[in-house]
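The values are calculated or read from the model by the stated rules, or taken from the named source; none is laboratory data. No experiment lies behind these values; they were computed from the predicted model shown. As a convention, Cβ positions derive from the backbone with ideal geometry for all residues, glycine included, and neighbour counts pool all protein chains shown. Side chains included, ligands, DNA and RNA excluded: accessible areas come from the protein's heavy atoms. Shrake-Rupley method; radii C 1.70, N 1.55, O 1.52, S 1.80 Å.
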Amino acid sequence: MGATRSTAARRAPGADIGALTTTEPALAELGEAALIEACLAGRSGAFDLVVERHRRAVYQLCWRFAGNHEDASDLSQDIFLRAYRGLRSFRGQSSLATWLYRIGVNVCLNRVSAKAPLEKMTEAIDDRQYVDTRSESPADRLLKEERGARVRAAIAELPRRQRATLILRMYHEMSHQEIADVLGSSVGTVKANFFHALGNLKKQLGDDKF
């Protein structure tokens, strides 16, 4: 996210304001509302902290859609850049995390093909720093990766809304209401999309349990 952070630092609104007083609290101590105010005031490092707090969740969301690290990283940068540019439109009616998920899902659905090539869906998220797989045997890891590649390819075939609903529900453990807030739909629609997504996955995976 280095490129995004440097862009934010260069373009932060009010960046030419004089030096901050020593009485201002440390950024790390700020709650969400105060941190957003600091971003809008052009306080140095404020948006960097937003990125740091939400970087992992946004990256994992992107990876679930893209299925490979390069595209997930590019999508993450795009999401944070859009969030930075649109921060003044954030009204606090939902949490900042929900707002970022909303931006993220829209970016991913618009830029990731619903039928991504299988070879692009084979990279495992466990290869990165987020999950420690050192305790697994090579055979167990291989089986896990092969099964994971099948599941990822099947998810990539789902209709857009079903795909987004399933990813948010299964991998990000969101409630139906939280998903409805992210997708801008009703709870009933979310439940229906999730039900149909699971049914379609079972058809595609056959005997494999999802």
- Query: Which one of these does ARG147 not meet: (1) open to solvent by less than 70 Å² (accessible area, probe 1.4 Å); (2) touching a residue at least 60 places away in the same chain (Cβ under 8 Å)?
  - Reply: (1)
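Results for (1) in a helix (DSSP H, G or I); (2) farther than 21 Å from VAL112 by Cβ, shown as yes or no for each residue.
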residue	(1), (2)
GLU52	yes, yes
ALA57	yes, no
ALA72	yes, no
SER76	yes, no
PHE80	yes, no
ALA83	yes, no
ARG91	no, yes
SER94	no, yes
- Note on the structure: Every listed condition ((1) hydrophobic (A, V, I, L, M, F, W, C); (2) over 21 Å from ASN200 (Cβ atoms); (3) at pLDDT 90 or above) holds for VAL131 save (3)
- In region 171-183, how many are surrounded by fewer than 18 Cβ atoms within 10 Å (Cβ to Cβ) and within 23 Å of TYR59 (Cβ to Cβ)? 4
- Note on the structure: For region 41-72 the number of residues that are under 12 Å from the mean Cα position of the chain (by Cα) and hydroxyl-bearing (Ser, Thr, Tyr) is 1
- Does any residue of region 87-99 turn out to be at positive phi, at pLDDT below 90, open to solvent by 30 Å² or more (accessible area, probe 1.4 Å) and touching a helix residue (DSSP H, G or I) at 6+ places or on another chain (Cβ under 8 Å)? yes
- What do you reckon, is ALA164 at pLDDT below 90, open to solvent by less than 60 Å² (accessible area, probe 1.4 Å) and either charged (D, E, K, R) or in contact with a helix residue (DSSP H, G or I) (Cβ under 6 Å, 6 or more places away or on another chain) (or both)? no
